[in-house]
Structure formats: structure tokens, C-alpha cells
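*Asks:* One structure, pasted below without further comment.
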Amino acid sequence: MRSRATLATLAVGALAVSGLFGHTARKPQPVAASPSPNILLITADDLAVHDLDYMPNTRRLLADEGVTFSDGIAPTPLCVPARASLLSGQYAHNHGARTISGPYGGYQSFDDHDTIATALQEAGYRTMFAGKYLNGYGKDGTELVQPTGWNQWRATVDPSTYRFVDPKMNIDGVLKRESGYTTDVMTRQSDSMIGGAAKVRKKTGQPWFEWLNYVAPHVGGPAGPDDPVKRYAGTDAAYRVTVPAARDRNTLRDVRLPTTPDMFPEDTHDLPPGSPRHKRFTQQQKDALRMVYQRRLETVLSLDRAVGHDVATLRRTGQLASTLIIFTSDNGYTVGSSNINGKLWHYDPIISIPVLMRGPGVPRGTTTRTPITNPDIAATILAAAHATPPRPLDGVDLLPWLDRPAQLRVIPIEAWKLADGSQQLYWGVRAGAWTYARLRGGNELFDRSTDPYELRNLAADPAYHVTLVRLRELARRYRTCAGDTCPKTFTPLKTPDQLPQQGAT
């Protein structure tokens, strides 16, 4: 493991200490600044934590060579809000992009004139983008728009984004259809940009930042003859699926849905009316979901090869040792657990995201339980680059905490109706093993330290009344937090069921 002093050289500034836990939490202190590293942010679309089981290259090259965050969290687990948080370092209630369409959703709802791209550019970085941007980009005459802050821009345009073969792209202001499977296309575009940036850095010393944003394993087209949308055409089991590469299609035909206790739960009497867990699936729908699950994992295989290629490109161009790599997903996903096929909700398989990090100053082969969120990733990138935040940050820099003992934090969680973002579906907090959410018609409270599949709602149990009240107060306090009023205190995590102390200010 690298020394703490070496690690801290990547950190800039101090984390705000708000007294949330009733005392001042100690934190690592930064030391003299180090040269700015190159930064490669690789994101997948809808990749769940358990999907990493099918990504051996990613585990070997990133997890084994860096840090695994075992408690990655998407505070609003949906494409646009999560990606806007990566761009802004803010929660959805502050950056305003609450959902995927409508007045509060999609590309048009997010002001991207002051993002990590503009901040890093001002800090002297060459900035590059490849892949999927925000949902709706490319529609309504925006196909040739190049957002502020990017030196190189190679983005898919909607609706072509979700076509896994020969996607249409805006390549530095020129609309082109690129041939090939979309994961390979995005990797090819990234190769070209990284190669060029390597030459620039060798000549001028200018570091670079790239966001490589894969669309896999999001659903898309074209559908195959044995996919549910065709096999069960005209029924409520005609689910859309993602599209594997030709070499991977049906290689996992024997895979089955997980048999964990949260798959298709039937006893939901203790949940409020607003819980999606009350849904029930027919046997035909379950059969179709098995195919949904298979296709997702088959698509992940090509994604894993792409990550291996990305790392190989850095090695080939002599930049691997000087590049901070962060691999993550916008949100998690579930196929059947909690009676859900999809995302958006606050249950663990959905709100949890994989987060892996390797690079200069990052400990090797370690795992930390200290939570990290989409807004934190933005704050961490800005700190690593010594860049001035472009707007008030809700997230915090995690670099000083990578080799510290696990810390307890309070994370606000929230989501809105998918259609237009006008109505809130839930709000709450996640703190350690505790999840609290306020839904239509009542509360949900889960202790994942004793109930990892969140099968028992403790909200109405008198034995947990004090816990409910404490978490509900925190949820109310941070429901509209902004910048320094958001929870930023860290305190050592001593027991699995630890709660924030009373008397917090």
C-alpha cells in the first residue's frame, strides 16, 4: 500500500466538517500538491454491482490494481440525474435534471455551461468526450451542438444512441455514422483521442481528462428473433433487451435468474402503497426476464473487453502510470429482485453502483466501505486535477480517505416520476447499513446489516421508533441541502448497524 503522505498529495483543500454526528470528525490533511495526473472516467449505462462477476479484465486491471468502493451509491438512480451529478458534483434537486424527459428531464433540463469539463479546461486540461451524453441529446436540432468545455467531442446522437450497430455520432461538429458494434465504436474513438492527447502531453506537458461513456448494457436495438419483444410479441412479457456483440450472443444461454430471497417477493404487506414491490409477475414474464438477464450479461462481456483495451491503450502510449482511472456506472439495475425490472428506486441492487479506481497515489488491491456517490466522483476528479469547482459542490473529495478505516456518512436519496419529473416518488437517506425512504402512503426503513435483501420494513416496529425518528429528521434536514449545507462529515464506522449520533446540528 502507498504511504498516506503519497496518497494525500492528490488531495486539494479540506472537507467541510458540519458536526452532523455530534462531534468534530478527524480527517486526513493534504500535503504539497503533486503534478496533475491524466484522468480517465469510464462509465457504463445501467451496470449493476453483481455484473462485475462477468468482468474479469475489469477486476484484474482496476480492482486488483486499485481501490474498490463496496458502497458506491447513486442518490437518484436514473440515467440523466446520475450523469448530471457526475458533470456537476450536485444532487438532482440542485442541478435540476430529475428524470429522462419532460420539463425536468433529459438533455434540455441541464445547464452544462459550468461542469467539470469547463473547470478542468480552465485548470489547463485537454478535455475529451466519447459515447453517450444525456438522454435526448441529438433531438430537436441539437445533433450538432458541442457542449461548452470539451476540446474534442465524439458523442452519439439520439435516437441512434440506443442502436447497437452503426451509431450516428457528432464528431467534433460533423455528423457521421460510424460502422461497427457500439461498444467497439466508442473504444475506437477513445483510442484516437488518447493517442493524440499523449503526443500533446509529451510535447507540451498538458494533462488530459476523458469521459468515456459506454451505452452498454442499457436496452437497445435491433432486437433479435429470439428476444422477448419478438418471442412474446403482443403480450405483457414483450420486454426490450440490450444487444450483445455477435460473438457473445447466446454464449450464456444457460444462465438463470438469481435465486436470492428478494427475487419476486410475495409478502409485501408491511410496505406503503407507493412501493413498487407490490407488483407481481406471471410465469411468462419471469421466463422473459430470464432472457433480459442473459442479454445484459452477454453485453457486459464486450464491455469488459473494452475496459481491457482501454487500459492497454494507456500502457501502449506510456501513460498508464500517470493516469487516474475511475470506472463506474450511472445507476444499478435489477431484473426481478424487489419485483422490479429496471432502476429508479431506492432498493440496494438499484441504488448501489460499482466504483473502481486506480492510478498514482491510489492504494493497490484494497476495498473500502466508505460510501462514494456520483457527486463525490465529480468532486474527487476536480480535486485530483487541482481545479476550481464550477458551482457549489454537494459531493466531497474521497482521495484523502482511500486508505483510511471505513467511515459513516449520511447520503440523501431521492427520485421523481419518470415521465416528467414533476412529482417526487420518494426522498430519504442512506446511512451505513440503514435505508430510510418516505414514499406515497408511508415510510420504509431497512437495516441491511441484519436484512441485506431488505425484506422486513421496520418503520412500524415500536422497537425501531427512535431509529425511524432520527433518520427521518436527517432526511428532512437534507432534502433540499445545497453545497456546504449537505452532509459532509465522516466518522469512523465501528459497528454494522451504527447510526448518526443524536444532537447533530
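Quick note: the coordinates plus some simple rules give every number you see, no bench work behind them. Here the structure is a predicted model, which means the values were calculated and not measured. Here the Cβ is made from the backbone with ideal geometry for all residues, glycine too, and neighbour counts use every protein chain on show.
*Asks:* From the phi angles alone, apply the Karplus equation (6.51, -1.76, 1.60; θ = phi - 60°) to the range 347-357 and give each ³J(HN,Hα) in whole Hz, x where the residue is Gly or Pro.
*Replies:* Using θ = phi - 60°, the values come out as 6, 3, x, 8, 7, 7, 10, x, 9, 10, 9 Hz.
*Asks:* Just the Cα atoms of the range 70-227, one point each, no solvent: what log10 I(q)/I(0) does Debye give at q = 0.08, 0.09, 0.16, 0.17 Å⁻¹?
*Replies:* -0.24, -0.30, -0.95, -1.06
*Asks:* Still on this model: Report, to two decimal places, the Cα Rg of the range 162-256 normalised by 2.2 N^0.38 Å (N = number of residues).
*Replies:* Its radius of gyration relative to the 2.2 N^0.38 Å reference: 1.45.
*Asks:* List the residues, sorted by chain then number, that are 5 or more residues from residue 372 or on another chain and whose placed amide H is less than 5 Å from its amide H.
*Replies:* 71, 72, 73
*Asks:* Let me ask something else. Using only alpha-carbon positions, what ratio does the radius of gyration of the range 253-408 give when scaled by 2.2 N^0.38 Å?
*Replies:* The value comes to 1.30.
*Asks:* If one computes the Cα centroid of the range 57-92 and of the range 95-137, what distance in Å separates the two points?
*Replies:* 16
*Asks:* Next up: Count the DSSP beta bridges whose two residues both fall in the chain, then state the antiparallel fraction as a percent rounded to the nearest 5.
*Replies:* Antiparallel: roughly 60 percent of the beta bridges in the chain.
*Asks:* Per the chain: cysteines with no other Cys C-beta under 4.7 angstrom?
*Replies:* Here 79 come out as lacking a disulfide-compatible partner, given the Cβ-Cβ threshold of under 4.7 Å.
*Asks:* Which of the helices in the chain, when you take each full DSSP H run, stretch at least 15 Å along the axis at their Cα atoms and have an average Kyte-Doolittle score of 0.5 or higher?
*Replies:* Sorted by number, the helices that extend far enough and score high enough are 374-384.
*Asks:* Need the list of aspartates and glutamates near residue 286 for cross-linking: C-alpha distance under 17 angstrom, and skip anything on the same chain fewer than eight residues off.
*Replies:* The reachable aspartates and glutamates, counting only those whose Cα sits under 17 Å from residue 286, are 226, 227, 236, 254, 262, 266.
*Asks:* Please rank 181, 347, fewest neighbouring Cβ atoms within 10 Å first, as an exposure proxy.
*Replies:* 181, 347
*Asks:* If you don't mind, another one. Give the Rg/Rh ratio for the range 196-312, taking Rg as the radius of gyration of the Cα atoms and Rh as the Kirkwood radius, to two decimals.
*Replies:* 1.16
*Asks:* If one computes the Cα centroid of the range 153-176 and of the range 259-334, what distance in Å separates the two points?
*Replies:* The range 153-176 and the range 259-334 have Cα centres spaced 24 Å from each other.
*Asks:* Have a look at the chain and give its Rg and Dmax from the Cα atoms, expressed in angstrom.
*Replies:* For the chain, the Cα radius of gyration and maximum Cα-Cα distance read 21.7, 67 Å.
*Asks:* Could I ask something else about it? Packing-wise, with mean Cβ within 10 Å as the measure, how do 209-221, 438-450 rank, highest first?
*Replies:* By packing density, highest mean first, the sequence is 209-221, 438-450.
*Asks:* Moving to a separate point now. For the chain, what's the relative contact order in percent, using C-alpha pairs closer than 8 Å and at least 6 residues apart?
*Replies:* 26
*Asks:* Return the calculated 222 nm mean residue ellipticity for the chain, to the nearest 500 deg cm²/dmol, obtained by summing -39500 (n - 2.57) across DSSP H runs with n ≥ 4 and dividing by the residue count.
*Replies:* -7000 deg cm²/dmol
*Asks:* List the residues whose amide H sits under 5 Å from the amide H of residue 491, counting only those 5 or more places along or on another chain, with H placed 1.01 Å from N in the peptide plane.
*Replies:* 408
*Asks:* Given the pairs 132/488; 230/343; 139/417, which are separated by over 26 angstrom at their Cα positions?
*Replies:* Violating the 26 Å Cα-Cα cut-off are 132/488.
*Asks:* Hey, what's the Kirkwood Rh for the range 362-505 if you take every pair of different alpha carbons, in angstrom?
*Replies:* 16.6
*Asks:* Tell me, rounded to the nearest percent, the portion of alpha carbon pairs in the range 353-420 spaced more than 14 Å apart.
*Replies:* For the range 353-420, the fraction of Cα-Cα distances above 14 Å is 64 percent.
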